[in-house]
Amino acid sequence: MRKILRALGIILFSVMGLVSLHSIRVTESLKLSVQNEKATADRYKEKADSLEANLKIVEEAKDSLEKELESTKKNMEYLTALSPLKGLVSEDEINELIKEIPHGNPFRCDFIVTSKFGERTLDHGVNIRTHTGVDIIPVSDEWIITPIDSGAVESYGYDAVYGKYVYVRHSDRVRTFSAHGETIYNRGTTGHIVDDNTAIMYMGDTGYSKGKHLHFEIQVWTGERWQAVNPLPFLEG
């Protein structure tokens, strides 16, 4: 009986040892498997982080290129607008004027362009003349006209073609011209310092006009005379 019990004990001990050894191996195997999976996950994460970083670089490059393209496009618009100055001033002066000419809106709301700068036909297409500014009207009843930027009123008056007008001098080389006004306000008279909030004139149809609108010009001093350029790229609205 004792021999049997001893034998059973030996067998049980052996079995327990085998089970324990198997458990250790299984545990080690599982641990190794987890480590491998973690290493794989870490590699995928590194790749994902690398891809995300590369994507960010690509997006930043795309944004930079879009901004550069927009800047180039805008600069071409300015150069085209100032093309009437070619031969009258140097290219360096034209590039300086792009920065010097003010930007703004002569109305206190958005506007619609009814006639652009350049050649246009009058009298049923018989007469072709150069339109030295743009004709614009506000989209609402805000008919008060303001300078597009700060400056000083250089002169004002009445002309048979342009009706009531106001010149605002913005720098030694740049002035703006607003015409066909119905009323010139006190601040729109000679010598007054004005800014883009100063009411200088009320839109009308005085002079040679076929309806209420603002004729607006940007003029540049060439050293000999005032030359009108296309104001549209400099207008905001």
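The values are calculated or read from the model by the stated rules, or taken from the named source; none is laboratory data. Only a predicted model underlies this, so the values are computations on that prediction, with no experimental measurement involved. Here Cβ is always computed from backbone atoms with ideal geometry, including for glycine, and neighbour counts include all displayed protein chains.
Overview of results
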read-out	value
When residues of region 218-235 are limited to those that are touching a helix residue (DSSP H, G or I) at 6+ places or on another chain (Cβ under 9 Å) and more than 17 Å from SER171 (Cβ to Cβ), the one surrounded by the fewest Cβ atoms within 10 Å (Cβ to Cβ)	LEU232
ILE144, sole failed condition from (1) within 12 Å of MET203 (Cβ to Cβ); (2) buried (at least 21 other Cβ atoms within 10 Å of the Cβ)	(2)
Criterion: assigned to a helix (DSSP H, G or I), under 18 Å from the mean Cα position of the chain (by Cα) and touching a residue at least 40 places away in the same chain (Cβ under 8 Å) - qualifying residue of LYS74, LYS67	LYS74
Residue that is nearest to the chain's Cα centre (by Cα) [pool: residues in region 194-234 that are among the aromatic types (Phe, Trp, Tyr) and more than 28 Å from GLU77 (Cα to Cα)]	TYR202
Residue in region 190-209 that is closer than 30 Å to GLY87 by Cα and polar (S, T, N, Q) present	no
Sole residue being of a type in the set (Lys, Arg), under 25 Å from TRP226 (Cβ atoms), surrounded by fewer than 13 Cβ atoms within 10 Å (Cβ to Cβ) and over 20 Å from the mean Cα position of the chain (by Cα), chosen from ARG129, ARG120	ARG129
Residue in region 20-39 that is modelled with pLDDT of 75 or more, among the basic types (Lys, Arg) and not in a loop (DSSP other than H, G, I, E, B) present	yes
Residue ranges of strands (runs of 3 or more DSSP E) in region 93-183 with at least 1 members without any contact (Cβ under 8 Å) to a residue 12 or more places away in the chain and over 21 Å from THR198 (Cα atoms)	118-122, 127-131
